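For reference, the structure discussed in these notes is given below.
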Amino acid sequence: MQDDKAGGVTIRTVKSFLSKIPSVITGADIVQWLMKSLNIEDQAIYLCKRTMQNKARLELADYEAENLARLQRAFARKWEFIFMQAEAQVKIDRKKDKTERKILDSQERAFWDVHRPVPGCVNTTEMDIRKCRRMKNPNKVKKSVYGVPEDSQTHSPIHSFASTTKQPAKDDLKKQITLLNIQLDRHCLKMSKVAESLVSYAEQYLEYDPLLTPQDPPNPWVSDDCTFWDMEASKELNQQRVKRWGFSFDEVLKDPAGRDQFLKFLESEFSSENLRFWSAAEDLKKRPLLEVPDKVQETWQEFLAPGAPSAINLDSHSYEITSQNVKDPGRYTFEDAQEHIYKLMKSDSYARFLRSNAYQELLQARKKGKSLTAKRLTGLMQSS
C-alpha cells in the first residue's frame, strides 16, 4: 500500500498558506486504492448482472443482496455506468452456447465464493485454513515430532504433573527454546553440503541443459527443425538417452523407451506385473471420468483381486486401503498401492536393471555407435 511504484496509495506534499505538510494521503485516496485492489467494482457488476439473469437458478442469497445494496450506496454516482456494464456482459453471455454459459456462471460463482465468502465462513485468501482449524480447537494436545506431547497453544511439553503443578513461565520458555534448537539442528544443512549437491546435479545434467550445451538436433522452439521432438517420441536409442536412465528411476519411467527396456528386464525376472500395474494406475489418472469405474474394476481384477492373473505383492495396510477405495472408485483409487510398488521397484528392481548385462550392453553399444560415427565424419573431412 505504501509502494507508489507498485500501484500503492499516492503520497503528496500539501501546501498551506505559510507551511508545507509532507507525506500526506487523503481518505479519498485510500478508498480509491481499496476499490481498485479489492475488485469492489467488479463485484458490483457481477451481482448486478446476476439480478438480470435466470432468477430461479441465480437468485441472490440474503448476504449477496445486502452486499449489492451496500455497493449501490457506495457507487451511487456511477451506478448507471456499472448497470450498463452489467447489461452489456449479459447480452454477450446470451450469445454463447448454453453449456458454455453454465460453465462461466459456475466459475464466477466459485471465484466470488472464495473471495467474498458467506458470513461466518473462513476467508481462505486472508487466513491459512490449517491455522483456522487449530484456532477452532485450541486445547487439543498433539504429539511432537520428537515424541514429547505438546500443547497446541504454547507448543511446550506437557508433563504428567502439569494438571497439579503449574510451572513458572520462565521454565516453559526455556523448554520451548530447547525444542526449537533441536528442531533447527535436525533440519539445517551446511551450506557446503548444499553447494556440493547443487554442483553435482549441474554437472550431471550439463549435457542435457540446452542453455549451457548446444543441442544436436537444435531446440525446436528456436528453430524450424522438429527432429528433436521426433527423436523424443520415437523409440530409437542414442547414447545420451540410455545414459540418462542411470541418473534416477524417474528418468526411466518418464521415457517411453526406458519403460520398454525396463519392462523387458522385469519379464526376464518374472516380475513385469509391477510395472504394468504402475502404468495402469498412472493411466487411470488421465482417463475421462465416465471411464474411471470400469478401468478401476479392470485393474483390480487383473492385479489385486483374489486369484488375479497378474497378482502384485502388497503389504496388508496398502491392500486394506485400496480395497476400501475400490468401493468408491476414483482416479486416485490405487494411489497407496502404486506408491508401494514404486518404492519396491526403485529399491530392488531398478538397481539390478542398471547392473544387468542388457543395460550395460545397450550403453556400450550406443557409445561404440557414437565413436564410429565420429570417426567416419573425421575421415570424410580429411578426405575432402
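The values are calculated or read from the model by the stated rules, or taken from the named source; none is laboratory data. Just so you know, these numbers come straight off a predicted model, no measurement behind them. Note: ideal-geometry Cβ built from the backbone for every residue, glycine included; neighbour counts use all protein chains shown. Accessible surface is based on the protein model in full, side chains and every heavy atom, while ligands, DNA and RNA are left aside. Shrake-Rupley method; radii C 1.70, N 1.55, O 1.52, S 1.80 Å.
Anything in the range 83-99 that is open to solvent by 90 Å² or more (accessible area, probe 1.4 Å) and assigned to a helix (DSSP H, G or I)? List them, or say none.
Passing the criteria: 84, 91, 92, 94, 98.
Consider residue 350 carefully, then state whether it is surrounded by 18 or more Cβ atoms within 10 Å (Cβ to Cβ) and part of a helix (DSSP H, G or I).
Against the criterion (surrounded by 18 or more Cβ atoms within 10 Å (Cβ to Cβ) and part of a helix (DSSP H, G or I)), residue 350 qualifies.
May I ask you to verify whether residue 315 is at pLDDT below 90 and closer than 28 Å to residue 230 by Cβ?
no
How many residues does the range 202-239 contain that are open to solvent by 60 Å² or more (accessible area, probe 1.4 Å) and either in contact (Cβ under 8 Å) with a residue 60 or more places away in the chain or in a helix (DSSP H, G or I) (or both)?
9
Do you know which residues across the range 242-254 are open to solvent by 20 Å² or more (accessible area, probe 1.4 Å) and farther than 14 Å from residue 356 by Cβ? Break it down into steps so the answer makes sense when it comes.
Step one: list which residues in the range 242-254 are open to solvent by 20 Å² or more (accessible area, probe 1.4 Å), which gives 243-244, 246-248, 250, 254.
Answer for the range 242-254, where residues must be open to solvent by 20 Å² or more (accessible area, probe 1.4 Å) and farther than 14 Å from residue 356 by Cβ: 243, 244, 247, 248, 250, 254.
Would you mind stating whether residue 295 is basic (Lys, Arg) and either within 17 Å of residue 208 (Cβ to Cβ) or in a helix (DSSP H, G or I) (or both)?
yes
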